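Structure, as structure tokens:
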Amino acid sequence: MVRLKWIHHLHGFIFVLLLLSGLFLYFPQTRTWFNEQQFPLVPFHIWISFLYVLVVFFSLKSVLNHLKRKPYIKYFNIWLNLIFIAIWIVSGMIMYFQIHFPVEIRNLAVSVHGLVTFLILPWVIIHTVGHLIGVKLPWPNWWRGKDPVPQTITENNLERRDFIKFTTIGILFLFIGAGVKWFQPILDVAETGNKRRGYFRIYNVTSDYPKYENEEWSLTIDGLVDQPTILKMEEMESLPSLTIIDDFHCVTGWSVLNVEMKGILVKDIFDAYGITPNSSYVTAYSGDNVYFDTFTLSQLLDEGAMLVFQFDGEKLVHSQGYPCRLYHPLMYGYKSVKWIDRLELTKNRGRGYWQMRGGYDLDGYL
Ligand SMILES: Nc1nc2c(c(=O)[nH]1)N[C@H]1C(S)=C(S)[C@@H](COP(=O)(O)O)O[C@H]1N2
Ligand SMILES: [Mo]
């Protein structure tokens, strides 16, 4: 049984790694922090999950064998675990291979993956603490009265207690988790009478993003152009604007449907200011001095790329790129550089922030 104990602890260790990396991904603040430390949290989470599945797969037989000689209640933890693993695997795979699934399924997978984690959190805590300090909690009276505990399973009090606490506290944690990220924004959207479906999860690679006051912002167009140009807000406002309704897709699986975006076509800016490019590649820089991405000139001029100033009739909020973000209607959200302040025309096409770190596709077409 030494081996089983060892497996149990290994399992627990990997599980906690998964849980922690998952929670760090879940909260924008921690996700951003890890990005700043250049820690590849998403690949880490995925590789650890492979390891986890391997451990479960290869130990399951001996664990089930061992349980055969044990009271029935011992199965509870195993089945709970297996059910959750199945849910995580399915939703995780959908998140990973999301392009092949309809938007609704993808969004559901992202939600379920996170919410289920919050549901199991109290069980993990109770279980771990129980093991660590070796408590044997007494049965609650209402339970004892109905169903006297057979001698054989008194040793399993903790598991039974797990179940009771798990269901009650689980619901509580679910609400905490949901409140943090999923329900609150939905309520916000409902309040503004907004018709769009889903909402943005704020994805920033830096925590000290620029917070422009009204007139501070400007857009520089330079590099291989005849005449470098700097455009201030008032010059932007004098250009013809355009409002489109489109779906915003993040490559990690979530989407926001029917977002009303108001902005100016990149093409209109080039036309209005007679900007003559001497190359066919562009790098779009964020004012956060970290994030950037690259395009062919034609992708920006001929495919409806715009500089967006408003979402759903309101100025962008700070965390979402105020005052201006790039948007390409045919591409993933990571091409939508927030706080964009510079378009540089370059001789060659470089790689962007996420192409260098996360292996994202250079073009990012949906
Ligand atoms: N400057 C900057 N722009 C950025 C990012 C970022 O981290 N920094 N994240 C990108 C990614 S991966 C996505 S999905 C969208 C997210 O937009 P949101 O934060 O408004 O939801 O912004 C994109 N633009
Ligand atoms: Mo993204």
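Of all positions in the range 322-343, at least one carries a residue that is under 17 Å from residue 218 (Cα atoms) and modelled with pLDDT under 95. Mind listing whichever residues of the range 97-107 are assigned to a helix (DSSP H, G or I) and closer than 11 Å to residue 255 by Cβ? Of everything in the range 97-107, those that are assigned to a helix (DSSP H, G or I) and closer than 11 Å to residue 255 by Cβ turn out to be 98, 103, 104, 105, 106, 107.
Across the range 340-359, which residue is farthest from the chain's Cα centre (by Cα) among those that are within 11 Å of ligand 1 (Cβ to nearest atom) and under 16 Å from residue 266 (Cβ atoms)? Filtering first and then ranking leaves 341. Quick check on residue 258: is it within 12 Å of ligand 1 (Cβ to nearest atom) and on the phi > 0 side of the Ramachandran plot? Spelling it out, it is not the case that residue 258 is within 12 Å of ligand 1 (Cβ to nearest atom) and on the phi > 0 side of the Ramachandran plot.
Matching residues to (1) surrounded by 19 or more Cβ atoms within 10 Å (Cβ to Cβ); (2) outside any loop (DSSP other than H, G, I, E, B); (3) outside the structural domain of residue 98 (by TED's automatic domain parsing); (4) more than 16 Å from ligand 2 (Cβ to nearest atom):
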| position | (1), (2), (3), (4) |
| --- | --- |
| 239 | no, no, yes, yes |
| 243 | no, yes, yes, yes |
| 247 | no, yes, yes, no |
| 251 | yes, no, yes, no |
| 262 | no, yes, yes, yes |
| 270 | yes, yes, yes, yes |
| 283 | yes, yes, yes, yes |
| 290 | no, no, yes, no |
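For the condition in contact (Cβ under 8 Å) with a residue 40 or more places away in the chain and β-branched (Val, Ile, Thr), residue 126 qualifies. Check whether at least one residue in the range 296-305 is of a type in the set (Ser, Thr, Tyr), more than 23 Å from residue 110 (Cα to Cα) and more than 13 Å from ligand 2 (Cβ to nearest atom), and report yes or no. Yes, that holds for at least one residue.
Can you confirm whether residue 363 is assigned to a helix (DSSP H, G or I), among the acidic types (Asp, Glu) and either surrounded by fewer than 22 Cβ atoms within 10 Å (Cβ to Cβ) or away from ligand 2 (no atom under 16 Å from the Cβ) (or both)? Considered against the rule, which asks whether it is assigned to a helix (DSSP H, G or I), among the acidic types (Asp, Glu) and either surrounded by fewer than 22 Cβ atoms within 10 Å (Cβ to Cβ) or away from ligand 2 (no atom under 16 Å from the Cβ) (or both), residue 363 comes out as no. Checking each residue in the range 322-359 for being under 14 Å from residue 291 (Cα atoms), within 13 Å of ligand 2 (Cβ to nearest atom) and either hydrophobic (A, V, I, L, M, F, W, C) or assigned to a loop (DSSP other than H, G, I, E, B) (or both) picks out 336, 337, 352, 354, 358.
The values are calculated or read from the model by the stated rules, or taken from the named source; none is laboratory data. Small disclaimer: the values here were computed from a predicted structure and weren't measured. For neighbour counting, all protein chains shown are included, and Cβ atoms are generated from backbone atoms with ideal geometry for every residue, glycine included.
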